[in-house]
Amino acid sequence: MRRKFIAQRKLFSVRRQQGLGLATAIFVITVMAVLATLIAQLVTNNAETTQEEIELIRAFYSAESGLQFGLNRLFPPDGLTPGVCPAGPVNYDLTEGGFSRCEADVFCESVTVSAVDYYTITSTGTCGEVSRTIQVRAQ
């Protein structure tokens with residue numbers, strides 16, 4: 001009788017544990033799927049942020065190139081010809097190398113104080129949908 005009771009107890013214990021493996025497997029698979037989805041979303045957001053950062057850097061250097069063009073026009077390298085501060089904006093379409101789809105708009109303002117000319121050059125670089133603006137003052 002004792003043997004029969006022990007055999008029934010083992011059989012009952014085994015039957016009770018049969019569904020535990022399946023429930024554990026489903027739980028683990030669900031957790032792994034949620035983690036995989038979150039990681040994929042994080043990687044996508046990171047790639048978008050990186051692309052936007054690249055565009056901002058390209059726009060900054062486009063603005064800096066436009067500023068150099070403006071300074072070059074105002075203070076020519078030969079030093080012989082007088083510089084010109086154009087009245088309106090000057091647009092430069094930049095197409096070389098990393099500047100594809102970029103442009104620079106350069107504005108120059110001149111103020112004379114006590115017979116000394118002061119120039120303010122503002123350059124706005126635009127690449128795609130982002131833009132950066134740089135301003136410099138020169139005498």
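Brief remarks follow.
- Scanning the stretch 119-129 for residues that are more than 17 Å from N91 (Cβ to Cβ) and modelled with pLDDT of 90 or more turns up Y119, T120.
- Taking the criterion of being farther than 25 Å from R58 by Cβ and not in a strand (DSSP E or B), the residues of the stretch 89-130 that qualify are S114, A115.
- Search result, residues across the stretch 54-88 that are within 17 Å of T124 (Cα to Cα) and surrounded by fewer than 12 Cβ atoms within 10 Å (Cβ to Cβ): N72, A87, G88
The values are calculated or read from the model by the stated rules, or taken from the named source; none is laboratory data. What you see is a predicted model; the values in this text were computed from it and never measured. Using ideal geometry, Cβ is built from the backbone for each residue, glycine included, and neighbour counts are taken over all protein chains shown.
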